[in-house]
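See structure below.
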Amino acid sequence: MLTSSQSARMLATSFVLMLAASCTAWVPAPVEPYWQGRLDVAETIFRERLETSDGDWALFANELATTLEARGEVDEAWRLFFDAGRLMENWDASFGDRVAAVAGREDSREYRGEPYERALNSIYTGLLSFARGEPDNARASFREAMLRDAEQSDEQFASDFAPSFFLAAWASRAAGDRNEARAYIDEARKARADAVRFGARGAASPSVFDAFEGSNLLVMASVGRGPSKVADRHRPDLVRIDVPRQHVRAARVYVDGRYRGTTEVLGDVAYQARTRGGRWLDGVRAGKAVFSEVASTAGTVLLLEGLDREDGGLLLAGGIALLASLLVNSDADLRCWRTLPDTLQVLALDVAPGEHELFIDFVGDDGQVDRAYSRSYTIRLPPRDAASARDATSVVHVRSLPLEASLRARTEVSAPRPGGQS
Amino acid sequence: MQISLPRAARLALTVSITLSLLLVIGCARSHQRVDPDVDDGVGGGGTESQDVRAMAEMMARDLLAEAPLDASAGTPTLHILALDNSASHPIDKKMVVEMIRTRLVRHGGGRLRVLNRDAATLQEIQAERRAKREGAVEGAQKKALLGSDYVLTGTVRTISKRGRDSMSSDYWVYSFVVVDLESSEQVWANEYDFKWAGNKPAIYR
C-alpha cells in the first residue's frame, strides 16, 4: 500500500521523467555560414555538432562532408559521406529508441534521412569516388542511390531520380562497360520523363542524354539552396517542405575562355523531397499525429459511454486511451540535411585530351552573374586509349556557393583518371 | 494516511513509470572494447569488420596453401592489381586490399614476395631511389624494382532485393583470382560470400 504523498510523488516523478525524456526539442546547427561561403566557420560548427551528436550523427556527417567537399578536401569528405551512408542504411533500433520514438518526440529516434536524402548521400559518395579515381566504387554508389530512392514504405515505386541512372552511365563507361552505360542512359530518360510528368522542374529530355556518347567531360553542378522541413504554423504535426528563394539558377561553363554551354536540370531535389514515386507528400501528417487524435477521441467516447452505463471496463479503457493520447508527442520530425542543393544540373562536353582551364560562373533568374560564385580549375583530361576497355571519362562537380578568394582563384584540379587502382 | 489506489490508476501509474524508465535506459550511452571478429551489435549490414578480417585471412592462407606458384626461378612475386567493385554499395577498397596484402606478407614465410604498386607508394619509392642514387640520402644497396610473376585481382558483386513490408536483402560475393603473367593462366581462384536480410522498423516507415 502506498501513502497518498508517496503516490503523488511517484506520479509527479514519472511524469517529469517522461517529459524530460520525450520533450527535448532537437536544435538545428546554424547553416548560414555554409551558404554565405564561410566554410571554415561552417566546418567548425558541424564538427562540434558531430562530436556531441545524439541520434543525428549521420545528419551532421553529411553537412560536414558537404562543406569539406566544397573546400576540396576529397578524402575526408568521402569518408564522412561513406560512414554516414552506412549509418543511414542501418535500420536496427534498440528497444529504448523504439519506445522513445513511439511515446516521445519523433526526432528522438536516430536520424536515417528521407529517401531523397539517402539517395543524395549515395550520389555525393559516388561523385567523390570519381574524384578519387574509383569509377567502379562510384557506380556502386549510384546503384545504391537507385535502391534508396525506390525504397518506399509500400515498395510500389521505382526510382524516378534521373541523376542516379545518368551518373551510373558515366561510371559504367569509365569502368569499361559501354553496354551497361547505354542501358543506364535509357533508364535515366524514363526516370526524367516520369519526374517531369509529375511536376519536377526542367526539361523532360535534356540534351545531355544525346550528348553522352560523344562526350568525355561531365560538369555536374549542385545549384541553389535545397529544401528544408518546417512544421505547419497551425499544425505542428504537419511537415511542410520549404523551398527558399534562389539566388542562382544555372552554371555557365567555359573551356579555355570559350563558352561551351549552360547546365540543365537533371534532378529536382525539392520535387524529390515533396514526392514519393510521383505522389505528393507535402503536408502529410505523421502517423503518431493520427494515432494521438484517434486515441483522444476514442478515449473520450469510451469514458462517456462508461459513465452512462456505469461500466468500469469502458471507463478503464477510455482512461488508458486518453492517457496514451496525452503521452504521445506528435510534433513532426524536422531534421533534414540543410546543405543540399535545389537542383542537380549537368553539362556534357567533348574536350580534347590535355590540360585546359575550366571556368564556371553562376547566373540568376535575371541573367546576372554573381562573381563571388565564379571559380576556375585547371583540368587534365586523359588521352583516349582505344586499346583500353576503360573510357577516358572525367567528372567535375561544383557547388554554387560564394567562395572566398583563395578557393576561387585557379584551383588546381586533375580531373580523375579512369580505372583508379586500389 | 494510507490509501488504496483504484485499479485503473495503478495501471496508469505502472505504465507511466515503466515507459519513463525505458526512455531513460534507452538513452544511456557507453563505450567498450569489443572483439572485431564478432558482431558488434550496432546493427546494419554490408561488409563488416569480421567479414574483412575473415576474408583477408582466408584469402591469404588459401592462396599460400593452394596456389601452384612456380618457385623454380626463385621466390615468386605477386602484385595485387585491383579490387573491382561491381556491387550496388560502395566499399572501402583500399582497406580490403591492404588487409589482404598485410596477411599475405605475414603468412608468406618467404614463399611469396608481395609487391606494393599502389600509385602513391610507388611514386614515393621511386623518389627515394632517385635520392639514394643521387647521394642525397644514405643507402648502400642498389636494387632493381621487382617485376611481377603473378597478379591477384578481385571483384565484389551483390544481389540486392527490396520487397514488401520494407524487407531487404543483400547477398555479397568477393571473388579473387591469381593469374600467371607469363602464360595468362588462372592458377588460383576463391570466393567469400555472406548475406544480410532485414526490414525497416515501423518507426522509420
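Tabulated results
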{"quantity": "Of all residues in the range B:155-189 being within 14 Å of another protein chain (Cβ to nearest Cβ) and of a type in the set (Asp, Glu), the one that is nearest to the chain's Cα centre (by Cα)", "calculated": "B:170"}
{"quantity": "Meets criteria (at pLDDT 70 or above, crowded, with 17+ Cβ neighbours inside 10 Å and part of a loop (DSSP other than H, G, I, E, B)) for residue A:358", "calculated": "no"}
{"quantity": "Check on residue B:104, modelled with pLDDT of 85 or more and more than 7 Å from chain A (Cβ to nearest Cβ)", "calculated": "yes"}
{"quantity": "Options B:203, B:125; residue that is buried (at least 17 other Cβ atoms within 10 Å of the Cβ), at pLDDT below 85 and part of a helix (DSSP H, G or I)", "calculated": "B:203"}
{"quantity": "Among residues of the range A:211-270, those that are without any contact (Cβ under 8 Å) to a residue 12 or more places away in the chain and in contact with a Pro (Cβ under 9 Å, 6 or more places away or on another chain), counted", "calculated": "0"}
{"quantity": "Residue within the range B:79-88 that is at pLDDT below 90 and away from chain A (no Cβ under 14 Å) present", "calculated": "no"}
{"quantity": "Residues satisfying the stated conditions in the range A:215-265, i.e. closer than 21 Å to residue A:403 by Cβ and among the β-branched types (Val, Ile, Thr)", "calculated": "A:219, A:223, A:248, A:253, A:255, A:262, A:263"}
{"quantity": "Residues satisfying the stated conditions in the range A:371-394, i.e. assigned to a loop (DSSP other than H, G, I, E, B) and modelled with pLDDT of 90 or more", "calculated": "A:374"}
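The values are calculated or read from the model by the stated rules, or taken from the named source; none is laboratory data. Since the structure is predicted, the reported quantities are computational estimates derived from the model, not experimental observations. Reconstructed Cβ throughout: ideal geometry from the backbone, glycine too, with neighbour counts over all protein chains shown.
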